[in-house]
């Protein structure tokens, strides 16, 4: 019979062989070696832990959770076991138990930069900014070359409306990894927020190196415009990012047309009718196959960089879009009355994944103070997402118009009948500004780059006022300011 020492030696050798497979990414071979080990050593915590790690890599989340949980139950004082179980729970979206495991890992191993990072990530997802900053700071102190921790620390600083500190974090990440596309893109948006536009546009070109599509269509088989003379040439502008971005940046078709270009534009279908009337645009459609020769193409948000646009040279900020005359006439007949008409938009689409702390939607209940303002009629310009009904509040009477918002051209015609638009940061706010209509925009404490960090007006839209949160996720202050401004309107 094999003695205990020999058995332990054999186990160590077998586990070393498993570890070599793991290091080489040979997950199936590692599993083949682990299964007989588990049978021979059913209560061995290290075997169970490794089995959990391998099962997770092979896509067996339930089996991984069972194995890691057993390992932790057998050896609860092993920080690595606690960490790996916490990471799996985090990946599965089980935040409270994941935080418990990560905190226990840190109790056992306070110098675990990985545990600090992932605990910070959980705090960040929940909007606990100060706690997240504390965790990411610990991670970068323990591991100064921890690029992802520097990036997340920068995002947290930006969410506190501290672009200066965010800028330093993204620069630190890029000193470590000069080719890190996400760090460059976050740096670009921070520079733009700081109104350092020439640097920001240059860094923003790194968006095309991210592992996610920026454009809805493949690039055409034409040269990308690099600033060559455009007189007599045709250039195709490719719509990108969100609807609001395309509404905001379509203004740059006009300076290209003034340079002698014929400007073609491709955008999603809901924008086509609206942007047909944009200055400088010769033709717009929802696909890039135009029946005419095209000399150059350019993604829409790359135009201002090539034009050298600064904060002081933004074109057409007085408004540049006009509603379809027939639609405008139709809605002039439908929306009559002498009260002060206020269109309200309180919710936007979920935000992009690389900035989870910027929460821009304002729950409908926060708008209740508007119900007390005399002499106004509130209209819902909120577009319903999917088939679900829009929320309503009996105490906040809103005339529903959402069923008529079939595309942005119709929305534009309806908005021209409003005396004021109240909106969170949304495509509709951009539309109102582009139409030159009075619009008051509510911004979260961590606003998007285009609104800057302190202004109450914007050089992008002369008709827009900005009302900012002073405390993250609390809308009472900007709503109170809007209510007072409405009560004292001239």
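Observations on the structure shown:
- Residues in the range 459-469 that are touching a residue at least 60 places away in the same chain (Cβ under 8 Å) and either within 22 Å of residue 158 (Cα to Cα) or in contact with a strand residue (DSSP E or B) (Cβ under 8 Å, 6 or more places away or on another chain) (or both): 459, 460, 461, 463.
- Restricting attention to the range 85-96, the residues that are surrounded by 15 or more Cβ atoms within 10 Å (Cβ to Cβ), assigned to a helix (DSSP H, G or I) and within 28 Å of the chain's Cα centre (by Cα) add up to 5.
- Residues of the range 324-336 that are over 16 Å from residue 400 (Cα atoms) and part of a loop (DSSP other than H, G, I, E, B): 324 alone.
- Residue match in the range 365-384 (condition: in contact with a strand residue (DSSP E or B) (Cβ under 6 Å, 6 or more places away or on another chain), in a loop (DSSP other than H, G, I, E, B) and surrounded by fewer than 14 Cβ atoms within 10 Å (Cβ to Cβ)): yes
- Candidate set: the range 273-303, residues that are in a helix (DSSP H, G or I) and touching a helix residue (DSSP H, G or I) at 6+ places or on another chain (Cβ under 6 Å); chosen: the one surrounded by the most Cβ atoms within 10 Å (Cβ to Cβ): 274
- Residue within the range 470-482 that is part of a helix (DSSP H, G or I) and without any contact (Cβ under 8 Å) to a residue 24 or more places away in the chain present: yes
Read-outs: derived from the displayed coordinates by stated rules, not from any lab. Computed from a prediction, not measured in an experiment: that's the story for all the values here. All Cβ positions, glycine included, derive from the backbone under ideal geometry; neighbour counts span all protein chains shown.
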